[in-house]
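The values are calculated or read from the model by the stated rules, or taken from the named source; none is laboratory data. Note that the coordinates shown come from a computational prediction; the quantities given were computed from them, not determined experimentally. Every residue, glycine as well, gets a Cβ built from its backbone with ideal geometry; the counts of neighbours run over all protein chains shown.
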Amino acid sequence: MLHRFLEPRVLAGISDLELVAKTVVDGFIAGLHRSPDFGFSQEFAEYRQYSPGDDLRYVDWNVYARTERAYLKRYRGETNTQVTILLDASASMGFTSHTVSKIDYARYLAASLCYLALHQRDACGLIVFDDEVRNYVQPRSRQGQLARLLHAVEKAEPAARTDYSKPFFHFQQYHFRRGMAIVISDFYAPPETVVKAIEPLRFKGNEVVLFHILDPEELHPKFREPVILIDMETQDSMEVSPDYANVEYRVKINQHIEELGAKARGAGMDYHVVDTSRPLDEALREYFVIRQGRI
């Protein structure tokens, strides 16, 4: 029943991006059947005594049962987690074979992650890029930050080519505090180029997560006759036969995914492929379950 509200085609019919984010995140948390602490701020720091007005969700009831005193669990992320989302708005992100384009799905994902980060009191920021940095919202946790972030996400439109060096140089110029960088892109570049551009963030102690956004037709093309495909960034064209699409192309896209995943993980990054036809809460849940198992 829950997934009925989170299918991409249903989300596409909601014009309010904040409502999309709230729907996805609330559904994601409910689907976990776990504490809402299940997010970025995983590292336990300390207990502090309960004060009137504190959120009862953070009370450690096991401690209360033993001592009859209420203490709140605090996580390091409440004080030192800074989440920055880097959103690819290059032309190739405009592709779709169904009701939701890659850029729309990426917007939903970015909005949901912003909402989730701020919901747990993390500072959150955003870099929108193609071959230049098109928008930048400095990471903050203060009131009004969600509106600023969602406005920037909503304005992200696919335009030029991708240049991964620009946003990550920008990140290093303006971010001096360790945190988390979440990159949302279709990663149409050689895996070595992608990882080489992003890897310096890891050297400075940042946690890096790559969400690889792909349309189902990019993963499993179904051509019954020859077609002419046009590169959305270069406008180059090529004729593709059904045999090529079903055999050689599938081998190449799978090799690209495997190589990018291997190089990213080898550099200490998380890597997660997201099919835009899947419910978004399902994709989030799958990633966080993997993340929780590793922590």
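Could you tell me which of the residues Asp131, Asp122 is in the same structural domain as Lys22 (by TED's automatic domain parsing), surrounded by fewer than 21 Cβ atoms within 10 Å (Cβ to Cβ) and either within 21 Å of Gly205 (Cβ to Cβ) or at pLDDT 90 or above (or both)?
Just a single option satisfies the conditions, and that option is Asp131.
In the stretch 194-206, how many residues are touching a Phe, Trp or Tyr at 6+ places or on another chain (Cβ under 9 Å) and buried (at least 20 other Cβ atoms within 10 Å of the Cβ)?
Adding up the residues that qualify gives 4.
Which one of these does Val251 not meet: (1) outside any strand (DSSP E or B); (2) surrounded by 13 or more Cβ atoms within 10 Å (Cβ to Cβ)?
With respect to (1) outside any strand (DSSP E or B); (2) surrounded by 13 or more Cβ atoms within 10 Å (Cβ to Cβ), Val251 is out only on (2).
Per-residue answers, yes or no, for (1) closer than 30 Å to Leu11 by Cβ; (2) out of contact with any helix residue (DSSP H, G or I) (no Cβ under 7 Å at 6 or more places or on another chain):
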| position | (1), (2) |
| --- | --- |
| Phe168 | yes, no |
| Pro190 | no, yes |
| Thr193 | no, yes |
| Glu217 | yes, yes |
| Pro221 | yes, no |
| Val240 | no, yes |
| Tyr244 | no, yes |
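Just to be sure, is Phe176 part of a helix (DSSP H, G or I) and exposed (fewer than 15 other Cβ atoms within 10 Å of the Cβ)? Write out each step before concluding.
Values: part of a helix (DSSP H, G or I): no; exposed (fewer than 15 other Cβ atoms within 10 Å of the Cβ): yes.
For Phe176, the condition - part of a helix (DSSP H, G or I) and exposed (fewer than 15 other Cβ atoms within 10 Å of the Cβ) - is not met.
One line per residue, one yes/no per condition, for (1) crowded, with 21+ Cβ neighbours inside 10 Å; (2) assigned to a helix (DSSP H, G or I):
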residue	(1), (2)
Ala181	yes, no
Ala189	no, no
Glu192	no, yes
Val208	yes, no
Glu217	no, yes
